[in-house]
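The values are calculated or read from the model by the stated rules, or taken from the named source; none is laboratory data. It should be emphasised that the depicted structure is a prediction, and the values quoted were computed from it without experimental measurement. Here the Cβ is made from the backbone with ideal geometry for all residues, glycine too, and neighbour counts use every protein chain on show. These area figures cover heavy atoms from the full protein model, side chains too; ligands, DNA and RNA do not enter into them. Shrake-Rupley method; radii C 1.70, N 1.55, O 1.52, S 1.80 Å.
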Amino acid sequence: QWQLVESGGGLVQPGGSLRLSCAVSGFTWDSHAIAWFRQAPGKKREGVSCIVLRGGRTTYEDSVKGRFTIYRDNAKNMVYLQMNSLKPEDTGVYYCAAEPYRLCVFDPGVFDYWGQGIQVTVSS
C-alpha cells in the first residue's frame, strides 16, 4: 500500500516559519517525484514545489522562490518543505503528492498518490 502522510502544519504569524513533512511509504522511492500543492479557500489547487527523488532536482512556484525550500531525506523516505517569511496568502491546505514520471510539472492530474492534506494558516 502506498501512503503519503503530512505533518507540521499549524498557525503562524506573518514573517514566521513552518516546516512541513511528508512521510512516504509503499512505492519505489527513487522512481518518483514528490510535490507540494496547496489550496486556499475559494481557489483552485496550485503547485508549490516539487523534487525528483533521484538526484534532487527541484522546482518552485514563482511566489515562493527564495522563501520556501524543498528537500528530501532518502534514508528516512521523507520530503520536507521549509517555509520562511510566511505571508497571509500562503494560507491553505497543503498536500504532498507523488508521480512516477519525474516531470515536476504542476498538473494535479499527473499525480497518482496524495496525502490527506494539512492546514497552514498565516495570520496575526
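Side notes on the structure shown:
- Residues of the range 87-124 with amide N under 13 Å of a point placed 7 Å along Cα→Cβ from Gln13: 123-124
- Computed over the chain: relative contact order in percent, which uses C-alpha pairs under 8 Å that are six or more apart: 36
- Label point at Arg54 placed 7 Å out along Cα→Cβ; residues across the range 82-124 whose backbone nitrogen lies under 11 Å: 101-102
- Estimated inter-spin distance, Asp112 and Asn84, nm [label 7 Å along Cα→Cβ]: 3.6
- This model, with +1 at the C-beta of Lys and Arg and -1 at the C-beta of Asp and Glu, gives the range 12-67 a dipole about its Cα centre of some 120 debye.
- Dipole of the chain, positive direction: furthest Cα of Phe37, Leu53, Gly15, with charges on the beta-carbon: Gly15
- Net charge, Gly109 excluded, C-beta distance under 15 Å - Lys, Arg +1, Asp, Glu -1: -2
- Of all DSSP beta bridges in the chain, antiparallel share, percent nearest 5: 95
- With the simple spin-label model, which puts each label point 7 Å out from Cα in the Cβ direction, the Arg67 to Trp2 separation comes to 3.1 nm.
- Partners for Lys65 among lysines (Cα-Cα distance below 18 Å; same-chain residues under 8 apart left out): Lys87
- Average Cα contact separation per residue, the range 44-88, under 8 Å, 6 or more apart, as relative contact order %: 28
- Candidate aspartates and glutamates - alpha carbon under 20 Å from Lys76, same-chain residues fewer than 8 apart omitted: Glu6, Asp30, Glu99
- The mean accessible area for residues of the range 34-78, using a 1.4 Å probe and ignoring ligands and nucleic acids, is 54 Å² per residue.
- Carbon and sulfur %, accessible surface of the chain computed with the full protein complex present, 1.4 Å: 46
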